[in-house]
Amino acid sequence: MSEARSPEDDPGDAQDVPRAKGAVSAPGPDGRPRKVSRRFPLFTRDTARPEGGGRAAAGDAPAPARQWPLLSVTSLVGIGLLLTALDVFRVGTLLIGIALIGGAVLRWALPDVGMLAVRSRFTDMVTYGALGLAIALLALMAQPEPWLEIPFLDDTLHYTI
């Protein structure tokens, strides 16, 4: 049974192990650790993908299958916009709000959602959920004959105007 040995176990190998003190980064071209500054760089060279920004299906799957979470949310929003344009305002805007809430649920439930991941998981969930809830509530309270009435909002509107 062989055990993993550290450089400290064998003094002959200790000289071959490069060591650096302080802030270090990945090894340079020569294999030795490089000392780096702890300051932020003046120019950003790249950005990290958002967590969950990987493909929603395997890489050999066709493009629509890899991006099914984004396609499902955008298709529901498109249907909602079409219904709104066809003068079914309340149902169309309610469908848009439900699609955004569904995007928040997909962002929470799935480990990889493809291009539906724009920011961090928490920020995406809060953004999709808050906008979807606001649009759905406004669709339910739209005049004439609202499906949802909140009494204190009428009083607030009456006293502010």
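The values are calculated or read from the model by the stated rules, or taken from the named source; none is laboratory data. All figures in this text were calculated on a predicted structure; none of them were measured in a lab. Cβ placement follows ideal geometry from the backbone for every residue including glycine, while neighbour counts extend to all protein chains displayed. Keep in mind that these areas ignore ligands, DNA and RNA; they rest on the heavy atoms of the full protein, side chains included. Shrake-Rupley method; radii C 1.70, N 1.55, O 1.52, S 1.80 Å.
The set of residues from region 122-143 being without any contact (Cβ under 8 Å) to a residue 24 or more places away in the chain and either open to solvent by 100 Å² or more (accessible area, probe 1.4 Å) or of a type in the set (Lys, Arg) (or both) comprises PHE122, GLN143.
Of all residues in region 144-153, those being over 27 Å from LEU83 (Cα atoms) and open to solvent by 90 Å² or more (accessible area, probe 1.4 Å) number 2. For region 116-161, residues that are of a type in the set (Ser, Thr, Tyr) and either under 16 Å from ILE96 (Cα atoms) or assigned to a loop (DSSP other than H, G, I, E, B) (or both) total 3.
Scanning for something over 23 Å from the mean Cα position of the chain (by Cα) and more than 21 Å from GLU51 (Cβ to Cβ), does region 97-113 turn up at least one residue? No. Taking the conditions (1) open to solvent by 40 Å² or more (accessible area, probe 1.4 Å); (2) assigned to a helix (DSSP H, G or I); (3) without any contact (Cβ under 8 Å) to a residue 24 or more places away in the chain; (4) closer than 28 Å to PRO146 by Cα in turn, PRO64 satisfies each one other than (4). Count of region 86-121 residues, restricted to those that are of a type in the set (Asp, Glu) and surrounded by 15 or more Cβ atoms within 10 Å (Cβ to Cβ), is 1.
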